[in-house]
Amino acid sequence: DTHKSNNNDGSILGASLLFAGTAIGAGMLALPAETLDAGFIPSIAGLGLCWAFTYVTSIVTLEASWLAVELSSDDNGAGGGGFLSISSRALGPPGEAVTALLFWFLLTSIVVAYTSEGGMLISQFANEVSTNALSIAPAVGSLIFATFFGSLALVGTS
């Protein structure tokens with residue numbers, strides 16, 4: 001039987017932006033500059049250890065996600081393989097609530113950090129490019145940054 005899906009599967013641009021945003025985050029760009037004073041060999045060793053830790057935790061998370069999906073298929077499809085499903089199965093409803101709260105805190109912190117730094121960059125760029133007649137405060141730069149990327153998220157990439 002032929003079954004056609006009417007859902008929007010996304011776009012290549014959206015997938016590319018998602019991959020780039022998760023693969024190269026703000027911390028990853030700052031790590032080599034922050035470890036510069038330690039020297040080349042200690043920096044490479046430290047970054048290698050960070051990579052190994054990230055790799056191992058991603059494999060453990062993948063395995064937990066697969067197990068949660070497998071267990072949810074036994075329960076008539078309730079749940080899934082996300083962090084909330086994993087924490088709900090492992091820690092119960094209180095663990096799920098704590099996980100949701102921690103994710104909210106993490107994502108809010110990331111939005112604040114990106115908006116603050118983006119506003120600072122816009123302010124510096126405007127002050128360097130323009131004459132003294134145009135001076136943008138970092139708070140106004142943050143507002144411009146948030147407005148631009150908020151409207152991009154609202155409109156979408158398709």
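The values are calculated or read from the model by the stated rules, or taken from the named source; none is laboratory data. Since the model is a prediction, treat every value here as computed from it, not as a measurement. We place every Cβ from the backbone using ideal geometry, glycine too, and count neighbours over all the protein chains shown. These accessible areas exclude ligands, DNA and RNA; they are computed on the full protein's heavy atoms, side chains included. Shrake-Rupley method; radii C 1.70, N 1.55, O 1.52, S 1.80 Å.
Observations
Here's the yes/no breakdown for (1) hydrophobic (A, V, I, L, M, F, W, C); (2) touching a Phe, Trp or Tyr at 6+ places or on another chain (Cβ under 7 Å):
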{"site": "E70", "(1), (2)": "no, no"}
{"site": "S88", "(1), (2)": "no, no"}
{"site": "A97", "(1), (2)": "yes, no"}
{"site": "L102", "(1), (2)": "yes, no"}
{"site": "F105", "(1), (2)": "yes, no"}
{"site": "V111", "(1), (2)": "yes, no"}
{"site": "G118", "(1), (2)": "no, yes"}
{"site": "E128", "(1), (2)": "no, no"}
{"site": "A133", "(1), (2)": "yes, no"}
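- Among the residues examined, T2 qualifies as more than 27 Å from G118 (Cβ to Cβ) and modelled with pLDDT under 85.
- Matching residues in segment 120-138 - criterion: being assigned to a helix (DSSP H, G or I) and surrounded by 11 or more Cβ atoms within 10 Å (Cβ to Cβ): M120, L121, I122, S123, Q124, F125, A126, N127, P138
- Subset of segment 60-92 that is more than 23 Å from W104 (Cα to Cα) and modelled with pLDDT of 85 or more - its residue that is least open to solvent (accessible area, probe 1.4 Å): L67
- Positions within segment 99-114 being under 24 Å from A30 (Cα atoms) and of a type in the set (V, I, T), in sequence order: T108, I110, V111, V112
- Single residue of segment 5-50 satisfying the filter (at pLDDT 85 or above and either surrounded by fewer than 10 Cβ atoms within 10 Å (Cβ to Cβ) or among the aromatic types (F, W, Y) (or both)) that is nearest to E117 (Cα to Cα): D37
The rows are residues; the columns are (1) part of a loop (DSSP other than H, G, I, E, B); (2) of a type in the set (S, T, Y); (3) closer than 24 Å to L17 by Cα.
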{"residue": "I59", "(1), (2), (3)": "no, no, yes"}
{"residue": "S85", "(1), (2), (3)": "no, yes, no"}
{"residue": "S88", "(1), (2), (3)": "no, yes, no"}
{"residue": "L102", "(1), (2), (3)": "no, no, no"}
{"residue": "V140", "(1), (2), (3)": "no, no, no"}
{"residue": "S151", "(1), (2), (3)": "no, yes, yes"}
{"residue": "L154", "(1), (2), (3)": "no, no, yes"}
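- In the set (1) within 21 Å of V69 (Cα to Cα); (2) over 22 Å from the mean Cα position of the chain (by Cα); (3) aliphatic (A, V, I, L, M), A137 fails one condition alone, (1).
- Screening F53 on (1) surrounded by 11 or more Cβ atoms within 10 Å (Cβ to Cβ); (2) under 21 Å from the mean Cα position of the chain (by Cα) shows it passes everything except condition (1).
- Checking each residue in segment 105-120 for being closer than 12 Å to G141 by Cβ and touching a residue at least 24 places away in the same chain (Cβ under 8 Å) picks out T115, S116, E117, G118, G119.
- Residue count for segment 139-154, restricted to those that are farther than 21 Å from G14 by Cα and either open to solvent by 90 Å² or more (accessible area, probe 1.4 Å) or polar (S, T, N, Q) (or both): 2
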